[in-house]
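Okay, structure first, notes after.
The values are calculated or read from the model by the stated rules, or taken from the named source; none is laboratory data. All figures in this text were calculated on a predicted structure; none of them were measured in a lab. Note: ideal-geometry Cβ built from the backbone for every residue, glycine included; neighbour counts use all protein chains shown.
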Amino acid sequence: MSKDIRIKKGLDIKLVGEAEKTIENAIISNTYTIRPEDFHSIIPKLVAKEGEQVKAGETLFYNKENEAVKFVSPVSGTITEIQRGPKRRIDGIKITADKTQSYVEHGKLDANANAETIKAHLLASGCWAFIKQRPYDVVANVEHTPKAIFISGYASAPLAADLDFTLKGKEAELQAAVTVLSKLTDGGVHVSVGVTANSPLADLNDITTYKVSGPHPSGNVGTLINKVNPVNKGETVWTVNAQDLIIIGELLLTGRFNAERIVALVGSSVKKPRYFKTIIGSEVSTMIYDNGVEQDGNDRIISGNVLSGKELNPDGNLDYYSNIISIIPEGDDYEFFGWNKPIFNKISTSRALTFSWMSPKKKYDLNTNTNGEHRAFVTTGTYEEVFPLDIYPMQILKACMYKDLDEMEALGMYEVAPEDFALTEFVCVSKQPHQKIIREGLDLMLKEIG
Amino acid sequence: MGLKSNLHNLKEKYKGTKMAPAFNAIHTFLYLPNEITHNGTHIKAADDLKRTMNTVIMALIPCLIFGMYNAGYQHHIALGEITTKANGFLGASFWTIDNLVVGLWKVLPLVIVSYGVGLAIEFLFAVIKKHEVEEGYLVTGMLVPLIVPIDTPLWMLAVAVVFGVVIGKEVFGGTGMNILNPALTIRAFLFFAYPTWMSGDKVWVHGAVERANQIAAGENVDAISGETILGSLAQNNGVLGYDWMDMFFGIIPGSIGETSTFLILIGALFLIFAKIGSWRIMLSSVIGALVMGLIFNGVVSSGWITESSKFYGLMSTEFWHHLLIGGFAFGTVFMATDPVTASQTNKGKWIYGFLVGFISIMIRVFNPAYPEGVMLAILLMNVFAPTIDHYVVQGNVKKRMKRLKAKTA
């Protein structure tokens, strides 16, 4: 059964540096780093100690508030460093990998297992970390039962990894994962696929598929939730990234936590953008420098897409949820009369001497310049053009800024995640940090309401 | 490049000092800053607030230039120095150097005073409050000279600008926070503080006031009439011999930039095309004005008021002429659409715009002291815009509550 979801509001940002559809094995990284900050709102309680040996799938730390929620090592090896920040905050756990990998055997899951057994299995193996929840866009709360589970099988973000390509051949794992997930909710597993796409997800059992079309954010899971079954007060939905279904599926089929992932290396600073097979936590330097990124180039390395990814240092690591590394030029230069001259080489939704409307198919080479300074909110109506959710974007942003919990709740805060505000942030004339505002708003609600 | 790196070094030098906002304002005027994104979106669209404001100014420039020629033309024709009336937009006696010289002489000082005083206050507040100089005044500063009578004394304008920027904007927190349109606040201040300079039949043509004073002093010269069409209509004196083409092209007395509906229309189309001005507000405001105009026409044709009524002149004006005379077109396109003070929701914009148009014509007809309503209508609706938005947003909130109820029921 499949239904159609067509959105009109949005914006496709076409950039130079799309990945060519070939997969290479990345150079095997010597060290792997897991950063607790990837799991927003989790306070880590360390199990691992410096110098100890761990197997792939062995617990590194757990959630201080719920010991059952474990976070595991992607590889087997020796823990060589616990990186700490201010107030002894744990910044990263660095593992030097063994030459030959050994895995913790978590055992296969009985096909007729009930929800409690499934939960326990996912928790023990570290796969729980892949299940996130809304409200708040954090790792799912074990005690809740979601009203439905949502998966986006269509990536519409700029330069996103093509899920049809990266999921190909993994039908067995995907099926195993969605079957198990469907037992955790009464509301079913809802999956979006591209309308023209040939997705491996489309033919799976135990799910409801939706054919989505239209500009970005048509592929965001937040858009799918909003159009299918928006979150009301007191309700929870779960979301899982499509590529993480493979890891969950493999665990269910083999009993091993295999953190292998296909990652797209993209962006205008990459000479040969393509796909790599690598492992969560790998050093990004293992992929980028052999493929035409200049060692001393002035580039921005992003784990994730250019709209909501994380800025990395050159010695940084692939984060827990990303299946894309984007590299674009830094824009730390002045531009003479940049605010009033006609602009042909940047994207704009206006036509105020900006000419991207004339060539909708052109691919742009954008850098990290803000193209202007931070200002108070002034213009109106621009966000609505790129925001397909049934929510007033400016009003909810302002409610977050003045921290009015009642208003945030009334305007739909339970339904949103920061990434839903990536496009409004992109087009914002006042250069306001929308995603940060929403993240802080969600954190406040999580703290005050829970 | 020398200039670029020198300015960069200066910027670093001023960083953290009190002068930083003032320096940055000038620096960013020359160069788009070297600021980069950090978290959130790593790329940003090309537009910033400066570009947005600049687009509005570009749309205003034709009105400004036309206003200068028209100031000269009205002056010369009143003195009898031009004997052949300019017929149509390209009239030979209109686009003359003589006309432009008078216009430049009278209008440029207004522009300079408006920008000089206004920007000085903006810089002062930016330095005191340690924030960057915001661009809002770039448009306000251009609007102000276009909506005042030609002979407005410069000191009066300066006082009004100080009042408008400080009370109308800065006390609320600056650009983006104000409730009332700053340019209209400035004009309203002038209107209530110096009414004799803002209305009547003397102020709309350069030289008329001076002549009146000379006559009062006993000199033997002819008086100049500087009456506007609205002023005449309000006294049931007809349209002073202007036809609708004169009104449309704007070869009539009035505030400096408001007369040419033709050029305002071009500006409106430009702003709508550039996606800077709200077509919803402009269109709904025109609809509102036409509806009110039709109602008044209906009242006249059904015989409820007679020619002896003091409202007869304006009420019997053909409904669509209301769009061409007075400041309606200018107000609708450039002032009602100010995004900060207008309604901010798309649905709200329809309601807000309609009421601006509707009330403009209502006040225009019924205001005994001053036969124009667009300024007061916009200011009034500025005050009500947040209320309109509130109810529009509540619609969305109620939908959410209903969904929740349906679930739990």
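With respect to A:ILE302, determine if the residue is within 7 Å of chain B (Cβ to nearest Cβ), farther than 30 Å from B:GLY173 by Cα and touching a Gly at 6+ places or on another chain (Cβ under 8 Å).
On the way: within 7 Å of chain B (Cβ to nearest Cβ): yes; farther than 30 Å from B:GLY173 by Cα: yes; touching a Gly at 6+ places or on another chain (Cβ under 8 Å): yes.
Yes, satisfied.
Taking the residues in region B:25-75 that are polar (S, T, N, Q) and in a helix (DSSP H, G or I) as candidates, determine which candidate is surrounded by the fewest Cβ atoms within 10 Å (Cβ to Cβ). I'd like the intermediate steps shown before the answer.
So the first thing to find is which residues in region B:25-75 are polar (S, T, N, Q), and the list is B:28, B:34, B:37, B:39, B:41, B:52, B:54-55, B:70, B:74.
Narrowing the set further to residues that are in a helix (DSSP H, G or I) leaves B:28, B:52, B:54-55, B:70, B:74.
Working: B:THR28: 22, B:THR52: 26, B:ASN54: 19, B:THR55: 24, B:ASN70: 29, B:GLN74: 27.
Checked region B:25-75; the qualifying residue surrounded by the fewest Cβ atoms within 10 Å (Cβ to Cβ) is B:ASN54.
Test of understanding: among A:VAL231, A:VAL266, which residue is surrounded by 17 or more Cβ atoms within 10 Å (Cβ to Cβ), among the aliphatic types (A, V, I, L, M), under 26 Å from A:GLN133 (Cα atoms) and modelled with pLDDT of 90 or more?
On the way: A:VAL266 fails: under 26 Å from A:GLN133 (Cα atoms).
From the options A:VAL231, A:VAL266, the qualifying one is A:VAL231.
Among (1) under 30 Å from A:THR380 (Cβ atoms); (2) buried (at least 21 other Cβ atoms within 10 Å of the Cβ), there is one condition A:GLU335 misses while meeting the rest; what is its number?
Single failed check for A:GLU335: (2).
Report every pair of residues separated by at least 6 positions or lying on different chains whose Cβ atoms are under 7 Å apart, first residue within region A:328-347 and without any contact (Cβ under 8 Å) to a residue 12 or more places away in the chain, second of a type in the set (Ser, Thr, Tyr).
Correct list of pairs: A:TYR334/B:TYR31; A:PHE336/B:TYR31.
Look at A:THR370 and say whether it is more than 7 Å from every other protein chain (Cβ to nearest Cβ), touching a Ser or Thr at 6+ places or on another chain (Cβ under 7 Å) and within 26 Å of B:GLY174 (Cα to Cα). Reasoning before the result, please.
Numbers: more than 7 Å from every other protein chain (Cβ to nearest Cβ): no; touching a Ser or Thr at 6+ places or on another chain (Cβ under 7 Å): yes; within 26 Å of B:GLY174 (Cα to Cα): yes.
For A:THR370, the condition - more than 7 Å from every other protein chain (Cβ to nearest Cβ), touching a Ser or Thr at 6+ places or on another chain (Cβ under 7 Å) and within 26 Å of B:GLY174 (Cα to Cα) - is not met.
Suppose we keep only residues that are surrounded by 22 or more Cβ atoms within 10 Å (Cβ to Cβ) and part of a loop (DSSP other than H, G, I, E, B) within region A:307-318. Which one would you say is nearest to the other protein chains (Cβ to nearest Cβ)?
Residue satisfying both the conditions and the ranking: A:LEU307.
For A:ALA48, state whether it is assigned to a loop (DSSP other than H, G, I, E, B), of a type outside the set (D, E, K, R) and over 19 Å from A:TYR320 (Cβ atoms).
No; evaluated as a whole, the condition is false for this residue.
Across region A:348-367, which residue is farthest from the other protein chains (Cβ to nearest Cβ) among those that are in contact (Cβ under 8 Å) with a residue 40 or more places away in the chain and among the basic types (Lys, Arg)?
Checked region A:348-367; the qualifying residue farthest from the other protein chains (Cβ to nearest Cβ) is A:LYS361.
If a residue must be closer than 24 Å to B:GLU135 by Cα, at the interface with chain B (Cβ under 7 Å from one of its Cβ atoms) and at pLDDT 90 or above, how many such residues does region A:378-396 contain? Working first, answer last.
Of the residues in region A:378-396, the ones closer than 24 Å to B:GLU135 by Cα are A:378-385, A:393-395.
Narrowing the set further to residues that are at the interface with chain B (Cβ under 7 Å from one of its Cβ atoms) leaves A:378-381, A:384, A:394-395.
Imposing the further condition that a residue be at pLDDT 90 or above reduces the set to A:384, A:394-395.
Final tally of qualifying residues: 3.
State all residues of region B:300-331 that are out of contact with any Leu (no Cβ under 9 Å at 6 or more places or on another chain), at pLDDT below 90, among the hydrophobic types (A, V, I, L, M, F, W, C) and assigned to a helix (DSSP H, G or I); if no residue qualifies, say none.
Listed by number, the residues that qualify are B:VAL300, B:MET315.
Give, as residue ranges, the strands (runs of 3 or more DSSP E) completely inside region A:60-140 that count at least 2 residues that are within 24 Å of the chain's Cα centre (by Cα) and more than 30 Å from A:GLU235 (Cα to Cα). Walk me through it before giving the result.
Numbers: elements: A:66-72, A:77-84, A:90-97, A:131-134.
In region A:60-140, the matching strands (runs of 3 or more DSSP E) lie at A:90-97.
Is it fair to say A:ILE13 is in contact (Cβ under 8 Å) with a residue 60 or more places away in the chain, more than 14 Å from chain B (Cβ to nearest Cβ) and under 19 Å from A:PRO273 (Cα atoms)? Let's see the steps before the verdict.
Values: in contact (Cβ under 8 Å) with a residue 60 or more places away in the chain: yes; more than 14 Å from chain B (Cβ to nearest Cβ): no; under 19 Å from A:PRO273 (Cα atoms): yes.
Considered against the rule, which asks whether it is in contact (Cβ under 8 Å) with a residue 60 or more places away in the chain, more than 14 Å from chain B (Cβ to nearest Cβ) and under 19 Å from A:PRO273 (Cα atoms), A:ILE13 comes out as no.
Within the set of pairs 6+ apart or on separate chains, which have a first residue in region A:174-194 that is farther than 17 Å from A:THR223 by Cα, a second that is modelled with pLDDT under 90 and part of a helix (DSSP H, G or I), and C-beta atoms under 8 Å apart?
Short answer, once both residue conditions are applied: A:LYS183/A:ALA115; A:LEU184/A:ALA115.
Any chance you could count how many residues in region A:221-274 are part of a loop (DSSP other than H, G, I, E, B), closer than 30 Å to A:LYS14 by Cβ and more than 14 Å from chain B (Cβ to nearest Cβ)? Can you show your working first?
Here is the first cut: in region A:221-274, the ones part of a loop (DSSP other than H, G, I, E, B) are A:229-236, A:255-259, A:267-273.
From the residues that got through so far, the ones that are closer than 30 Å to A:LYS14 by Cβ too are A:230, A:267-273.
Keeping just the survivors that are more than 14 Å from chain B (Cβ to nearest Cβ) gives A:270-273.
Residues flagged as part of a loop (DSSP other than H, G, I, E, B), closer than 30 Å to A:LYS14 by Cβ and more than 14 Å from chain B (Cβ to nearest Cβ) within region A:221-274 amount to 4.
In this structure, does A:THR209 turn out to be in a helix (DSSP H, G or I), surrounded by fewer than 24 Cβ atoms within 10 Å (Cβ to Cβ) and more than 14 Å from every other protein chain (Cβ to nearest Cβ)?
Numbers: in a helix (DSSP H, G or I): no; surrounded by fewer than 24 Cβ atoms within 10 Å (Cβ to Cβ): yes; more than 14 Å from every other protein chain (Cβ to nearest Cβ): yes.
Spelling it out, it is not the case that A:THR209 is in a helix (DSSP H, G or I), surrounded by fewer than 24 Cβ atoms within 10 Å (Cβ to Cβ) and more than 14 Å from every other protein chain (Cβ to nearest Cβ).
Quick check on region B:358-367. Is at least one of its residues out of contact with any helix residue (DSSP H, G or I) (no Cβ under 8 Å at 6 or more places or on another chain), assigned to a helix (DSSP H, G or I), in contact (Cβ under 8 Å) with a residue 12 or more places away in the chain and away from chain A (no Cβ under 14 Å)?
Yes: region B:358-367 contains one or more residues that are out of contact with any helix residue (DSSP H, G or I) (no Cβ under 8 Å at 6 or more places or on another chain), assigned to a helix (DSSP H, G or I), in contact (Cβ under 8 Å) with a residue 12 or more places away in the chain and away from chain A (no Cβ under 14 Å).
Residue by residue, here is whether (1) surrounded by fewer than 20 Cβ atoms within 10 Å (Cβ to Cβ); (2) hydroxyl-bearing (Ser, Thr, Tyr); (3) part of a helix (DSSP H, G or I); (4) out of contact with any Gly (no Cβ under 9 Å at 6 or more places or on another chain) holds:
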position	(1), (2), (3), (4)
A:LYS362	yes, no, no, yes
A:PHE387	no, no, no, no
A:GLN395	no, no, yes, yes
A:CYS400	no, no, yes, no
A:LYS403	yes, no, no, no
A:LYS436	yes, no, yes, no
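Evaluate region A:23-30: report whether one residue or more is at pLDDT below 90, out of contact with any Ser or Thr (no Cβ under 7 Å at 6 or more places or on another chain) and within 24 Å of A:VAL306 (Cβ to Cβ).
Yes, region A:23-30 contains at least one residue that is at pLDDT below 90, out of contact with any Ser or Thr (no Cβ under 7 Å at 6 or more places or on another chain) and within 24 Å of A:VAL306 (Cβ to Cβ).
Based on what the data block shows, is A:LEU446 more than 10 Å from every other protein chain (Cβ to nearest Cβ), touching a residue at least 60 places away in the same chain (Cβ under 8 Å) and buried (at least 23 other Cβ atoms within 10 Å of the Cβ)?
On the way: more than 10 Å from every other protein chain (Cβ to nearest Cβ): yes; touching a residue at least 60 places away in the same chain (Cβ under 8 Å): yes; buried (at least 23 other Cβ atoms within 10 Å of the Cβ): no.
Criteria not met by A:LEU446.
Filter region B:23-71 down to the residues that are within 23 Å of A:PHE377 (Cα to Cα), touching a Pro at 6+ places or on another chain (Cβ under 9 Å) and either among the acidic types (Asp, Glu) or more than 7 Å from chain A (Cβ to nearest Cβ) (or both) and list them by number.
B:ASN24, B:HIS27
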